[in-house]
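Taking it in order: structure first as structure tokens, then the write-up.
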Amino acid sequence: MGILDSIPHVKAVPSHRPWPRAIVTEAGWQAAIDRLADGELTLLGFWGEPTAVHMAMRDAGSAAIAVVTYECPAGTFPSVANRHPPALRLERTIHDLFGLVPTAADDLRPWLDHGAWGQSYPLSGGNASRDVRPYQFLPAEGEALHQVAVGPVHAGIIEPGHFRFTANGEHVVRLEQRLGYTHKGTEALMQGASLEAAAKLAGRASGDSTVAYAFAFACAVEAALQIEAPRRATLLRALMAELERLANHLGDIGAICNDASFALMHAQTGVLRERCLRAADTAFGHRLMMDVIVPGGVRRDIAPDGVSALRALVAQLRKVFPRLIELYDNTASLQDRTVTTGIVKAEYARRFGAGGYVGRASGRDFDARRALAYGPYDALSFEVPVLEAGDVNARVWIRIREVEQSVALIEQILDRLGPGGLETALPARSGGGACEGMALTEAFRGDVLVWLRLDGELRIDRCHLRDASWFQWPLLETAIEGNIIADFPLCNKSFNCSYSGVDL
Amino acid sequence: MRNTLFESLTHRSLTEPAPAPDGSALAELAAKVDRAAQARLGRSLAIREVDAGSCNGCELEIHALSNAFYDVERFGLRFVASPRHADVLLVTGPVTKNMREALERTYNATPDPKWVVAVGACAVDGGMFRGSYACVGGVSETIPVDLHIGGCPPSPTDLLKGLLALLEHVGGKG
Ligand code: SF4
């Protein structure tokens with residue numbers, strides 16, 4: 001049974017692919033919220049347009065996916081967040097960008113809008129202005145409580161954001177994040193852009209996941225246009241996606257250990273990460289592999305010496321990585337910092353639909369590569385590690401296991417890489433008005449969602465990019481509670497949520 | 001196991017240039033940076049990195065400068081935690097409007113003499129984000145810039161070349 005069978009709707013939108021989208025009345029919208037709130041459905045995405053809001057949802061049982069749309073020409077829609085907290089930041093963002101008002105919302109503080117853009121509601125198409133009030137952090141009251149404010153400029157080489165800790169002595173009572181500092185107006189820049197320009201913008205949503213974003217963007221366009229990339233191109237896409245995952249996991253495993261004052265691991269994984277980037281450069285001409293994946297296929301073939309560079313990388317990893325795992329496993333001073341630190345409760349991970357290692361370390365068995373079986377993963381074999389402890393240590397172990405899986409996947413792909421085309425030509429026009437596509441791919445930190453509508457000339461009418469971090473950042477606030485402030489960097493690094501990916 | 005590992009790790013020097021195609025070019029560049037640093041500075045140069053709205057691609061490559069292949073610390077180039085300890089601000093991103101004030105404040109908190117290096121296509125002129133309602137544009141529209149290093153993102157080798165150019169500039173200015 002599809003999701004839409006149990007949600008009353010007015011009409012289905014035939015040009016939306018590959019999953020159904022339907023316009024609902026208020027009753028349908030409320031029914032969708034009910035099912036999110038009672039845990040039957042997981043929120044995949046929630047975004048706006050000048051006079052409509054959309055929610056993408058997945059049925060936890062049947063794995064079906066659907067999008068519901070509530071049209072709101074009067075500028076209001078029933079709040080999702082006041083019944084289903086994972087929607088909160090997305091709902092505040094919809095208000096910031098489009099000026100749409102969630103009725104009965106408990107929290108309508110700005111999220112991305114810091115009052116610095118020189119205009120309100122920049123994507124609304126109107127010029128209504130907004131009350132500017134000082135930003136109110138949520139209160140935490142009691143004797144002996146004090147606040148510690150950190151950021152937006154941090155001490156390390158990391159992205160900017162603000163953290164407000166309320167502490168009792170060293171123990172954190174409440175953490176509240178304030179983000180939006182890297183908001184670049186990406187979705188506005190995409191409007192009216194050509195597919196080529198928009199693909200490049202999608203690849204810069206979060207530089208560490210450029211492959212995953214370009215992959216999802218390309219799949220969404222291909223779904224909308226009902227075309228398929230050639231088999232060889234999909235294999236090359238997955239090759240790049242696994243290389244990206246490897247490089248990030250290696251860098252982060254070391255960085256987490258470094259935050260636990262174990263620099264040796266950092267030095268070692270840093271070398272392996274660099275070897276990954278150099279192999280990627282040899283194979284695809286760019287260390288981060290930006291702009292190689294395009295709608296229709298891939299822009300360039302793997303270089304002739306790319307295959308041998310990747311085989312050498314795999315051999316190197318097979319030799320060195322097991323020793324590093326042993327080092328992690330046998331260092332009591334490290335375990336002392338990572339075990340039972342920063343626990344994400346399984347119930348929260350499920351409720352928020354947390355993806356990636358954050359979800360999988362807390363018992364949520366979801367990986368878009370397996371759950372959605374998009375090409376070429378439908379034909380590759382790999383395991384999805386899942387643990388229950390939910391602490392920093394569990395997130396490290398999930399990453400360790402994923403490194404092993406990525407190495408095996410890279411070998412499988414290299415073995416299968418037969419001759420074949422690289423790009424399926426795109427039609428010059430859509431052949432009948434607007435068309436819509438949606439796709440999810442598994443980035444190293446979790447699932448990335450891209451939704452788009454193309455006009456008849458194949459320009460972007462609207463594109464929404466949703467990073468896994470939307471549903472992970474709030475869990476970091478819960479994970480740090482009761483821990484000491486000094487353990488925050490460690491917890492934070494074990495999440496490594498994206499700033500740019502959610503600020504956009 | 002631990003001892004074996006330590007042995008195997010300490011037996012080969014990781015700070016040597018990598019056996020990559022550009023290994024010798026990197027060694028040559030490293031030697032030049034080293035000479036310039038010694039000649040011009042006679043002391044270490046403290047670098048404060050500021051992300052003013054980047055996609056984080058530039059940060060990844062700035063991080064790579066500290067790995068065992070590039071190991072910038074051997075030239076006396078150090079990344080520091082506070083602008084108050086810095087000689088150089090390495091700024092990335094198209095300077096979002098939400099970051100402009102923080103960037104200005106960071107600049108003002110950096111003691112003179114100081115140098116600003118704009119890193120990446122975004123920091124040079126806004127890159128792909130130029131013209132957005134949410135971005136200011138290049139770093140030089142907010143604070144004075146001494147050197148631009150283009151690229152999306154610039155590779156660690158490009159960054160080293162840029163830092164070499166800066167060292168020569170520092171010599172000229174100092
Ligand atoms: S220059 Fe490129 S890599 Fe650097 S921040 Fe801009 S888009 Fe990202």
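The values are calculated or read from the model by the stated rules, or taken from the named source; none is laboratory data. Predicted model only: the values in this text are computed from it and were never measured. Cβ coordinates were reconstructed from backbone atoms using ideal geometry, including for glycine residues, and neighbour counts include every protein chain displayed.
Tabulated data
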| quantity | calculated |
| --- | --- |
| Test: residue in region B:73-89 that is among the aromatic types (Phe, Trp, Tyr), facing chain A (nearest Cβ under 9 Å) and within 27 Å of A:ALA205 (Cα to Cα) | yes |
| Check on A:VAL80, part of a strand (DSSP E or B) and touching a helix residue (DSSP H, G or I) at 6+ places or on another chain (Cβ under 9 Å) | no |
| Failed criterion for A:PRO160 (all others in (1) more than 14 Å from chain B (Cβ to nearest Cβ); (2) crowded, with 24+ Cβ neighbours inside 10 Å; (3) not hydroxyl-bearing (Ser, Thr, Tyr) hold) | (1) |
| From the options B:ASP51, B:ASP22, B:ASP34, residue that is within 12 Å of another protein chain (Cβ to nearest Cβ), at pLDDT below 95 and closer than 19 Å to B:PRO156 by Cα | B:ASP22 |
| Residue in region A:315-334 that is modelled with pLDDT of 95 or more, farther than 26 Å from A:LEU387 by Cα and within 13 Å of chain B (Cβ to nearest Cβ) present | yes |
| Checklist (1) in a strand (DSSP E or B); (2) under 30 Å from A:GLY456 (Cα atoms); (3) within 19 Å of the chain's Cα centre (by Cα) applied to A:THR69, failing item | (3) |
| Filter pass, A:ARG237 being more than 10 Å from chain B (Cβ to nearest Cβ), surrounded by fewer than 23 Cβ atoms within 10 Å (Cβ to Cβ), of a type in the set (Lys, Arg) and touching a residue at least 12 places away in the same chain (Cβ under 8 Å) | no |
| Residue in region B:137-156 that is farthest from the chain's Cα centre (by Cα), counting only those that are of a type in the set (Val, Ile, Thr) and within 14 Å of the ligand (Cβ to nearest atom) | B:VAL139 |
| Yes/no for B:ALA134 being over 15 Å from the mean Cα position of the chain (by Cα), more than 16 Å from the ligand (Cβ to nearest atom) and at pLDDT 95 or above | no |
| Index of the failed condition, A:TYR181 passing every other in (1) within 13 Å of chain B (Cβ to nearest Cβ); (2) touching a helix residue (DSSP H, G or I) at 6+ places or on another chain (Cβ under 6 Å); (3) farther than 15 Å from B:CYS122 by Cβ | (3) |
| Residue among A:ALA434, A:ALA468 that is in contact with a Gly (Cβ under 9 Å, 6 or more places away or on another chain), aliphatic (A, V, I, L, M) and modelled with pLDDT under 95 | A:ALA434 |
| Long-range neighbours under 9 Å by Cβ, at least six apart or interchain, first residue on the phi < 0 side of the Ramachandran plot within region A:98-118, second of a type in the set (Phe, Trp, Tyr) and buried (at least 20 other Cβ atoms within 10 Å of the Cβ) | A:PHE98/A:TYR121; A:LEU100/A:PHE77; A:LEU100/A:TYR121; A:VAL101/A:PHE77; A:PRO102/A:PHE77; A:THR103/A:PHE77; A:ASP113/A:TYR121; A:HIS114/A:TYR181 |
| Helices (runs of 4 or more DSSP H) wholly inside region B:28-125 containing at least 2 residues that are among the small types (Gly, Ala, Ser) and within 13 Å of the ligand (Cβ to nearest atom) | B:57-64, B:121-125 |
| Contacts under 8 angstrom Cβ, first residue in region A:192-210 being more than 27 Å from A:GLY125 (Cβ to Cβ) and assigned to a helix (DSSP H, G or I), partner within 10 Å of the ligand (Cβ to nearest atom) and small (Gly, Ala, Ser), 6 or more apart | A:GLY207/A:SER500; A:GLY207/B:SER54; A:GLY207/B:GLY57; A:ASP208/B:GLY57; A:THR210/A:GLY203; A:THR210/B:GLY57 |
| Filter result for the condition that a residue is away from the ligand (no atom under 15 Å from the Cβ), under 28 Å from A:ALA247 (Cβ atoms) and not charged (D, E, K, R), over A:GLY207, A:GLY192, A:GLY203, A:GLY180 | A:GLY180 |
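Each row is one residue, and each column tells you yes or no for (1) touching a Cys at 6+ places or on another chain (Cβ under 8 Å); (2) free of Cβ contacts under 8 Å to residues at least 60 places away in the same chain.
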{"position": "A:GLY251", "(1), (2)": "no, yes"}
{"position": "A:GLY254", "(1), (2)": "no, yes"}
{"position": "A:HIS266", "(1), (2)": "yes, yes"}
{"position": "A:VAL307", "(1), (2)": "no, no"}
